[in-house]
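The values are calculated or read from the model by the stated rules, or taken from the named source; none is laboratory data. Source: prediction; values computed, not measured. Cβ sites come from the backbone with ideal geometry, for glycine too, and all protein chains shown count toward neighbours.
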Amino acid sequence: MSVIRKYLYGKQIFVFLFFVSAAGTGWLMNKLSADYLRTVSYRIEFYSSNDMRMIFNVETDLTAQINMNGFLAMRYNITEQNTVKIDISDKIISKTKNFVLSSDIFQKFSEQLGDGKKLISLSPDTVYFTCVDLQSKRLPVVPNLQMQFADEYMQNGNTILKPDSIWITAEQNILDSLTEIQCIAQKYENLNKSVSGVLEVDLNKLNNVSVQQHEIRFKVNVERYSEATISVPLHLNNKPDSLDVMIFPQDIEIKYRANIANLPKIKADEFRLTADFNDFQKSIGGNLKIKIEEKPKSALQVDLYPNFVEVIVSKK
């Protein structure tokens, strides 16, 4: 008997909860079907279809009162962004401070709200803005490649970029502050062969700037290299005829790197090392720094031993 009683009790609870749920659903549907007045803040973006090279800096947001039913009000919070773009080509625009009345843009604003939403009012009643002309200039691209090479490998030549410079468009004061355009960094490790790919222009720190293109193709030639050492005589420039000048050492050892194919082709007479006697008076300890005036293009990472020569001067 107790089992039957429990069964009937449980069935009664189920029926009760069903009707409560149905009543709650009906109440909710009734509420959502009703109209509600919502107050929503909008960011305004002005533009001129007659002059797309002009941008507008709006000083304030607009607050809109909108009548909509509950279903739209609930979805409105989730799916829509509160930004409205309005064409003000028909307004008189100067290079100084400008304004438009909210009543003048009421219809254009309302048209962008979509079905089911009725615009009631906009505030404040006046929207102030400034406008500037956009300018363009071409800037070099910085690839920002972070490369680590495998043992006995190195980059041969400069990084090839296509294009190596791009046009950017922005306000004049922004353009004046820019001398180059960086790419988003890419990292390569243990490189033992040439690498190519696409770099993306980095606009993360550049506001209100547009670029001609966002992607740059690059290529880095990587070759195996080896080291070699060669001895080259030092030439002393501006040696006075009235003095005997001796330099030690007279031959300088050069250590350089080159790819395997070019290494045996490099000759001593392709290097020209000089020191300038005119620097003797301001030199430290009577030593002169050696300068590399000429070297073969295929010789990389050239090091001199020593970097300075000792000078002994006596009268004739």
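Some points to look at:
- Per the listing 173, 190, the residue uniquely surrounded by fewer than 11 Cβ atoms within 10 Å (Cβ to Cβ) and on the phi > 0 side of the Ramachandran plot is 190.
- Among residues of the range 229-246, those that are closer than 17 Å to residue 314 by Cβ and either outside the structural domain of residue 302 (by TED's automatic domain parsing) or not in a loop (DSSP other than H, G, I, E, B) (or both), counted: 5
- Among the residues making up the range 160-170, those that are surrounded by 12 or more Cβ atoms within 10 Å (Cβ to Cβ) and either more than 27 Å from residue 260 (Cβ to Cβ) or at pLDDT below 95 (or both) are 163, 164, 165, 166, 167, 168, 169, 170.
- Scan of the range 106-162 for residues that are of a type in the set (A, V, I, L, M) and assigned to a loop (DSSP other than H, G, I, E, B), ordered by number: 113, 150
- Test: residue in the range 247-258 that is over 30 Å from residue 311 (Cα atoms) and assigned to a strand (DSSP E or B): yes
- Filtering the range 275-316 to residues that are of a type in the set (Lys, Arg), under 16 Å from residue 252 (Cα atoms) and out of contact with any helix residue (DSSP H, G or I) (no Cβ under 8 Å at 6 or more places or on another chain) leaves only 291.
- Residues of the range 163-178 that are small (Gly, Ala, Ser) and in a helix (DSSP H, G or I): none at all.
- Among residues of the range 123-151 that are without any contact (Cβ under 8 Å) to a residue 24 or more places away in the chain, none has a Cβ under 6 angstrom from a residue that is hydroxyl-bearing (Ser, Thr, Tyr) at a sequence gap of 6+ or on a separate chain.
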